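Okay, structure first, notes after.
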Amino acid sequence: MLARRLAVPVAVALLAFPARAQERQTPLAPTPGQGKLSIETPEFSIRVRGYLQADDRHVFGDGPWSDALLIRRARAVLEGAAFGRVEVKIMADFAASPMLYDAYVDGKLTPWLRLRFGKDKVPISLERLRSARDQLFGERAQPGVFAPVREIGAQILAAPWDGRLAASFGVMQAAPDGVNPDIFGSDGGGDDKDVIGRVFVRPFPRGALRELGLGISGSLGSATGSATTPRLPTYKTTAQLSYFSYRPEAVAFDQRAHLGVQLHCAAGPVELMAEAVESVEGVKVGDQVGRFANGAYSIELAFLPTGEHASFEGVLPRKPFDPTHGRFGALMVAVRQQGTRFDRRAFPVFADPQTAAAGALGVGASLTWIWNGIFQLQSSWETTTFDGKRRDEHVLVTRAQAAF
């Protein structure tokens, strides 16, 4: 599949060049242009922040869907640091039901090397590592759904050579693709574990391609399901409706793995992000066992006609919204294509062709009006066609966001 074909050239690129890494924001790194409530002393610091997303989701045409006005995310973040060696982050979401998203502590061994323990994002998908408040579209593309949302475990994170290389390696409690495990629930993984690694580099320290980054990620683990806890993924569309799942009697079985390749480049007002993720899953139905390779890719391109510099960490308007002085913030236009393919060997024994699609292809566009570092409005359109008996999906997501 696409991720497997791209893995070798990306790996060669990672090894061939000295690089400047995609920097992961540490808990106490400043949030550009956003307000904060903080207490700081030479030895201790604590900061409170958060963001709210209110959506209008409208799906056009007849089908198994309905329109909705909803609070997509309502997140509160608490961050702290002590003695320059210990950092903590706790993030909870209160939109649907209270859920703990991040809860980890970092021990800084050196300025570029740290140990992390707790619940954190799984570093397989590049877009998944991007904060939800900086998304180009109302919903993440499919590669972000083909890996777990969060897992609990221990990681080593390194960013040597002044951040020109970023790498992480860890052992984490396994969770199904697209799942944020409840630390008090049955989806915590039991004895199932994932060994996870990621490397991201920027091979050109100067020049026009200095913001070009290449990455490769992967995981290897196991998952064992049961009739009450199958531990198998359900893949959802932009409208957050299931379009592929295994049969109800199917359970996860034996080994599983992920492979991801990533590209990101920001040049002036233009941003390009592309990635592919392959997810290999062992599945059991009765006495029959199969191992299936499913994959997804996405390509996103954004442009800021108002001239701001595009960035993975979000955009700050050059002229924050103030109509009395002729300032109207920043505009960002984005387009994307995404696709998925499910292993046809899964049909019909492990997946029902009447309800599960064998693949999907989506195209979309979005317009984001960024008033300042706190408030923005976004409208995104996506059309998805399916390889199967499901009708095409046309969805418009309009969002108001406030972040502090």
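Each Lys or Arg adds one and each Asp or Glu subtracts one; over the other residues with Cβ under 15 Å from the Cβ of Val270, this totals -2.
Please give the charge dipole size of segment 115-223, origin at the Cα centre, charges +1 on K and R Cβ atoms and -1 on D and E Cβ atoms. Round to the nearest 20 debye.
In total the dipole reaches around 600 debye.
Modelled label positions at Ser97 and Trp112, each set 7 Å beyond Cα in the direction of Cβ, lie 4.5 nm from each other. Near Arg57: Cβ cut-off under 10 Å, other residues only, Lys/Arg at +1 and Asp/Glu at -1. The net charge is -2. Between the amide H of Asp254 and those of Ala223, distances stay under 5 Å, these residues lying 5 or more places away or on another chain, with hydrogens modeled in the peptide plane.
Ignoring aspartates and glutamates fewer than eight residues from Lys89 along the same chain, the ones with Cα atoms less than 12 angstrom from its Cα are Glu79, Asp102, Asp106, Asp120. Within straight-line reach of Lys108, meaning a Cα separation under 12 Å, sit the following aspartates and glutamates at least 8 residues removed in sequence or on another chain: Glu87.
Taking other Cβ atoms within 10 Å as a rough exposure proxy, Lys389, Lys121 sort from fewest to most as Lys389, Lys121. The length gained on full extension between Ala400 and Leu241, counted as 0.36 nm times the residue separation minus their Cα-Cα distance, comes to 55.1 nm.
Helical runs assigned H by DSSP (4 residues or longer) give the chain a calculated mean residue ellipticity at 222 nm of -1500 deg cm²/dmol, each run adding -39500 (n - 2.57) before division by the residue total.
With contacts defined as alpha carbon pairs under 8 Å and 6 or more residues apart, what's the relative contact order of the chain in percent?
Numbers: 1143 pairs, mean separation 63.9, N = 404.
The value is 16 percent.
Could I have the simple spin-label model distance between Ala208 and Ala74, label points 7 Å from Cα toward Cβ, reported in nm to one decimal? With each label point 7 Å from Cα toward Cβ, the separation is 4.9 nm.
Segment 371-391 and segment 282-305 have Cα centres spaced 20 Å apart.
Over 29 Å between Cα atoms: which of Lys121/Lys319; Lys236/Lys319; Lys119/Lys236 fall into that group? Check vs 29 Å cut-off fails for Lys121/Lys319; Lys236/Lys319. Rounded if a/c is under 1.5, else prolate if a/b beats b/c, else oblate: with a ≥ b ≥ c from the C-alpha gyration tensor eigenvalues square-rooted, which is segment 171-254? In terms of gyration-tensor shape, prolate.
Taking the charge dipole of the chain about its Cα centre, with +1 at Lys and Arg Cβ atoms and -1 at Asp and Glu Cβ atoms, the residue from Ala54, Pro269, Val315 reaching farthest to the positive side is Pro269. Projecting the Cα atoms of Thr234, Pro42, Ala400 onto the dipole axis of the chain, where Lys and Arg carry +1 and Asp and Glu carry -1 at the beta carbon, places Pro42 farthest toward the positive end.
The H on the amide N of Ala239, modeled in the peptide plane, is under 5 Å from the matching H of no residue at least 5 residues off or on a different chain.
Since every read-out is calculated from the coordinates, none of them should be taken as a lab result. Treat the numbers as computed from the prediction; the structure is a model and nothing was measured. Every residue, glycine as well, gets a Cβ built from its backbone with ideal geometry; the counts of neighbours run over all protein chains shown.
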